[in-house]
Structures are given as structure tokens and as C-alpha cells.
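Structure record follows, encoded as C-alpha cells.
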Amino acid sequence: MTVKILLAVILGIISGYFYAPEIIVENINGVIDFGLCLLLFFVGIDIGRNKNILNDIKKYGYKIILIPFMIVLGTIVGSILSSFILKIPVFEAAAVGSGLGWYSLSAIELSKYSTELGTLAFLSNILREVIAIIAMPFIATNIGHMETIAAAGATSMDTSLPIITKATNSSMSVIAFFSGLVLSTLVPILLPLMMSFI
Amino acid sequence: MRILLYITIISLGAFLSYRGLSSEKVLEKLDRIQYLCLLFLLFVMGVKIGINSEIIKAFYKLGYSAVVISFFSIIFSILGVKIVSKFIKSSKKKVEKI
């Protein structure tokens, strides 16, 4: 699964770079939205097939909230550590990481500070999405199902949700959606907060 | 508003299959269609990155920093959740005993 996912993304990038049919380029956002909606419908079908889903989630209870909380904490710690390697200001790296994979918003917000930081936020968050998607089947098999949600960050609510469902199970997809929802709500708060320290 | 659209679509799919409106045979085929759709979506997402020459240019300049930040963010998010996942799962066992 990992190889196929990697191939699909890389072939897409190559064909987009060298040759992309006008009709796809013009309607690319529409195509992505349509594909995403179709896949989310399939995620729904998977959820409906699993009759134990509510019990599964009830068993975890309110502790599910710890998942998005630890994702935020982990992301900030990871970003701060990377600032030492890259020798860039700590809170610049933390602000870039605070996008949690939501590249469009983080790029817009951080380009208000500097164009370069906005571009870095865009690249870093789009990479978070791509790396997470590629690594998900590996993480699900070798590390754990909940950890698969962690890699996705805020994208576990939309683009990476179909892959999480495929790599884990439909109970996890409900938790993933919840986590993505919480994280997407937090990004517009977290980003300005980190930027205020720059 | 996007969130509402997503919730509506997922709920519609869940409702239809919960009510058993889709038979097992159809569901088996759906699995394959779902997988193909997924690969197609990932391909188009790749195309979107590839056609944006600004991203490719920026990647040469800032690619290393972006990779380091995203990689560390992912690794430490996974570590963070790994620490609490045992705690979350342990509460699951307690409920099961009751």
C-alpha cells in the first residue's frame, strides 16, 4: 500500500511538472473536492458497516481528547527541536509547525510576517501531509492505530481520513475525524499565539 | 462550512450502510472502487503540487528546512500519542471488566 501511495503522489508531481492536461489544471480544485467528497462518503459507508462503533468509542470515553492535545504538544516540541538543527529562531519554527498540516491557512498567516516564512510554512505543512499519507500504512502496522492519527495532524479530518480508514479501522476513522476537527479549530488560535512570540 | 459538508457526506454514507441498503457484494466492489479513487485523489494532489512552479522553486531553496520541521513534527506527534495511547487503552480494559 505504501509503495502504491508513494507512486501515485510522485507520478502526480512529475506529470504536473512536465505535462498536465489543461482540463485537469483548470479544474484541479474541483476534481480534488469531488474525489474527497466521494472518499468521505466511502468512509461513512465503512463506519455504518461497523455496528460496534459507538461502543468502541464509548470505551475510550473522554480520554480521546488527549490525542489532539498530545499532537499539538508533540508538534510544538518537534518544531522547536528542529529549530536548533536548522539554526532558526525557536518560535519561527514553532509557528511553522503550528499549521499542523493545514498548509493554506498557515502560509497565509505567516506570509503576513515574512514571505519566506509563509513559503516555509506552506512547504513544511504540505510535506507533513504527504509524508504522513505515505507513512500511514507503515505506522498503522508497526507502531499503532492511534499513532497513525498523530502523523496526520489537522488533515485527519479530510484528505488523510480515507487513508487512515484504509490502514486502520472504522472506529479509528471516527476518532481521527474528531481529532482533525479539534486540531483544525486550534490552528487559527495556535498560529497567532506562536507568532506573537517571534 | 466545509466541516458541515464533510459531516453530512460521512453521515449519509454511514446511514445508508447502517440501514443495510448496500449489500455485501456491492460493498466488496466498493472497497476496490474506494482504493482506486484514493490513488486517483493522491495522484491529482501530486499534480496540484507539480503544476505550481512556485512550490518547486521554493523547494530547492527551503526544502531542507521544510523536511526537517515536518519530519520532527510527525515523529514527536507520534511519540506524544504513543505515551497516552497506553493510558487510553488501559481505560478501555477497565470498562470491559465492568
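The values are calculated or read from the model by the stated rules, or taken from the named source; none is laboratory data. Note that this is a predicted model, so its numbers are computed, not measured. In this analysis, Cβ positions are derived from the backbone assuming ideal geometry, glycine residues included, and neighbour counts consider all displayed protein chains.
Of the residues A:24, A:32, the single one that is within 15 Å of residue B:46 (Cα to Cα), at pLDDT below 85 and within 7 Å of another protein chain (Cβ to nearest Cβ) is A:24. With respect to the conditions (1) under 18 Å from residue A:175 (Cβ atoms); (2) at the interface with chain B (Cβ under 7 Å from one of its Cβ atoms), residue A:58 falls short on a single one, namely (2).
Among the listed residues B:4, B:42, identify the single one that is more than 23 Å from residue A:51 (Cβ to Cβ), aliphatic (A, V, I, L, M) and more than 7 Å from chain A (Cβ to nearest Cβ). Don't jump to the end; show me each part of the working.
Values: B:42 fails: more than 7 Å from chain A (Cβ to nearest Cβ).
Answer to the check: B:4.
Would you confirm, using the coordinates I've provided, whether residue A:9 is touching a helix residue (DSSP H, G or I) at 6+ places or on another chain (Cβ under 6 Å) and either within 7 Å of chain B (Cβ to nearest Cβ) or under 29 Å from residue B:9 (Cα atoms) (or both)?
Details: touching a helix residue (DSSP H, G or I) at 6+ places or on another chain (Cβ under 6 Å): yes; either within 7 Å of chain B (Cβ to nearest Cβ) or under 29 Å from residue B:9 (Cα atoms) (or both): yes.
Yes, satisfied.
How many of the residues making up region B:31-52 are closer than 14 Å to residue A:15 by Cβ and more than 17 Å from the chain's Cα centre (by Cα)? So the count comes out to 6. Selection of region B:1-30 for residues being within 17 Å of the chain's Cα centre (by Cα) and either farther than 22 Å from residue A:156 by Cβ or modelled with pLDDT under 80 (or both) yields B:2, B:3.
Looking at region A:117-134, is at least one residue more than 8 Å from chain B (Cβ to nearest Cβ), without any contact (Cβ under 8 Å) to a residue 40 or more places away in the chain and among the small types (Gly, Ala, Ser)? Yes. Scanning region A:44-102 for residues that are buried (at least 18 other Cβ atoms within 10 Å of the Cβ), in a helix (DSSP H, G or I) and hydroxyl-bearing (Ser, Thr, Tyr) gives A:60, A:75, A:79, A:82, A:83.
For residue A:16, state whether it is more than 22 Å from residue A:174 (Cα to Cα) and part of a helix (DSSP H, G or I). When the stated conditions are applied, residue A:16 passes them.
Kindly indicate the residue of region A:140-198 that is among the hydroxyl-bearing types (Ser, Thr, Tyr) and within 13 Å of the chain's Cα centre (by Cα) and also surrounded by the fewest Cβ atoms within 10 Å (Cβ to Cβ) among those meeting that condition. Per the criteria, the residue is A:184. With respect to the conditions (1) farther than 15 Å from residue A:36 by Cβ; (2) facing another protein chain (nearest Cβ under 10 Å), residue A:163 falls short on a single one, namely (1). Scanning region B:31-58 for residues that are crowded, with 20+ Cβ neighbours inside 10 Å and basic (Lys, Arg) gives a single hit, B:48.
Could we say that residue A:32 is more than 22 Å from the chain's Cα centre (by Cα) and either surrounded by 14 or more Cβ atoms within 10 Å (Cβ to Cβ) or in a helix (DSSP H, G or I) (or both) here?
no
Residue-level check: of (1) farther than 27 Å from residue B:20 by Cα; (2) at pLDDT below 85; (3) more than 7 Å from every other protein chain (Cβ to nearest Cβ), residue A:46 misses just (1).
Tally the residues that are more than 9 Å from chain B (Cβ to nearest Cβ), free of Cβ contacts under 8 Å to residues at least 12 places away in the same chain and hydrophobic (A, V, I, L, M, F, W, C), restricting the search to region A:61-89. It would help to see each step written out before you state the result.
Of region A:61-89, the ones more than 9 Å from chain B (Cβ to nearest Cβ) are A:62, A:65, A:68, A:84, A:87, A:89.
Add one more test, that the residue is free of Cβ contacts under 8 Å to residues at least 12 places away in the same chain, and what stays is A:62, A:84, A:87.
Going one step further and asking which of them are hydrophobic (A, V, I, L, M, F, W, C), we end up with A:84.
The total comes to 1.
The residues of region B:9-30 that are surrounded by 13 or more Cβ atoms within 10 Å (Cβ to Cβ), assigned to a helix (DSSP H, G or I) and of a type outside the set (A, V, I, L, M, F, W, C), listed by number, are B:11, B:13, B:17, B:18.
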